[in-house]
1. Given the rule -39500 (n - 2.57) for each run of at least 4 DSSP H residues, summed and divided by the residues of the chain, what is its mean residue ellipticity at 222 nm, to the nearest 500 deg cm²/dmol?
2. Can you compute 3J(HN,Hα) from phi for each residue in region 99-110, using the Karplus curve 6.51 cos²θ - 1.76 cosθ + 1.60 with θ = phi - 60°, rounded to whole Hz and x for Gly and Pro?
3. Could you sort out which of Lys42/Lys131; Lys75/Lys103; Lys103/Lys159; Lys83/Lys103 sit more than 29 Å apart by Cα distance in this structure?
4. Give the Debye-formula value of log10 I(q)/I(0) at each listed q (0.13, 0.18, 0.19, 0.22 Å⁻¹), with one equal scatterer per alpha carbon of region 14-108, two decimals each.
5. Estimate the FRET efficiency between Ala207 and Glu172 by the formula 1/(1 + (r/R0)^6), using the beta-carbon distance for r and 45 Å for R0, to the nearest 0.05.
6. Simple spin-label model, 7 Å along Cα-to-Cβ: Ala230 to Ser39 in nm?
7. Going from most exposed to least, what order do Met100, Met204 have by accessible area with a 1.4 Å probe?
8. Might you work out the accessible area of Phe119 for me, using a 1.4 Å probe with all protein chains in place, and round it to the nearest 10 Å²?
Amino acid sequence: MAALQGRIALVTGASQGIGRACALALARAGATVALAARSQDKLAAVAAEIAAAGGQAEAFALDVAGEESLKAGAKAVLERYGKVEILVNNAGITRDGLMMAMKRTDWDDVLGTNLTGAFLLTQALLRPMLKNRWGRIINISSVVGRTGQAGQVNYASSKAGLIGLTRSLAREVASRGITVNAVAPGYIETPMTAVLDDKQREAMMAAIPLGRPGTAEEIAQSVAFLASDAAAYITGHVLDVNGGMFMGA
Ligand code: NAP
């Protein structure tokens, strides 16, 4: 039997990049996957891709930065499946700029999507997970949340904040059989990083001991592992998947 057979999963930012790869991997492992993001069309295409491969998935268009949209989306998922057992908080954005030039809206948008969105969605789905006495919450942080990055005070704060959320919630819900972990990707080739110029790309590559960017699939494999029974004794952990870019505690 596949490792996640019969489990209900929800992945945010499932319309492309890392979230799409996570959704495909969880579905391959047997989970039924609720796909969340703003673009209904892209989600429908991912759902069709999963169905074509013999898996089960459905699109739920929602905006994690909009509280009403997020709550309505969570409600629709709970009405459909009764519970979410594996939650992957992956939706994220960047609005880069140096501290002195950063607009308040750039700060608010990034924190609102990357951190508050994960907080609100987790809160909206936690009760049935607690009742179910089994759960996996996996937050997609970033190497930048570990090291900091010039030009990204907003993004790095949101990603470091997700690590605090992960470890605090892990302590709160451990007694109910729920693990909470973070995955901190390094430089991964996705639409988010496709906008980097050659100079930025070269600087990034020089900092990666393994000498290549990571793939969305490599992040998805880590997420599928943390969702599985094989990771049952791991909680409050930050899994660095970064080619050696940062080798911290
Ligand atoms: P991406 O290609 O830009 O995809 C981002 C996803 O988030 C899209 O599916 C997007 O879908 C969704 N999203 C954005 N805002 C949203 C909102 N308000 N509500 C719902 N969904 C929203 O980025 P990626 O590279 O796959 O990154 C995925 C996650 O990994 C992010 O949290 C990112 O910070 C993190 N990460 C990425 C890298 C990297 O090198 N790529 C490194 C470290 C961490 P819609 O536009 O359809 O809403």
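1. Here the helix-only value at 222 nm equals -14000 deg cm²/dmol.
2. Coupling constants for region 99-110: 2, 5, 9, 6, 7, 4, 5, 5, 5, 4, 4, 6 Hz.
3. From Lys42/Lys131; Lys75/Lys103; Lys103/Lys159; Lys83/Lys103, over 29 Å: Lys42/Lys131; Lys75/Lys103; Lys83/Lys103.
4. -0.49, -0.81, -0.88, -1.09
5. That pair, Ala207 with Glu172, gives E of 0.80.
6. 3.2 nm
7. The ranking, largest first, comes out as Met100, Met204.
8. 100 Å²
The values are calculated or read from the model by the stated rules, or taken from the named source; none is laboratory data. Since the structure is predicted, the reported quantities are computational estimates derived from the model, not experimental observations. Note that each Cβ is placed from the backbone with ideal geometry, even for glycine, and that neighbours are counted across all protein chains shown. Surface areas here come from the heavy atoms of the whole protein model, side chains and all, with no ligands, DNA or RNA. Shrake-Rupley method; radii C 1.70, N 1.55, O 1.52, S 1.80 Å.
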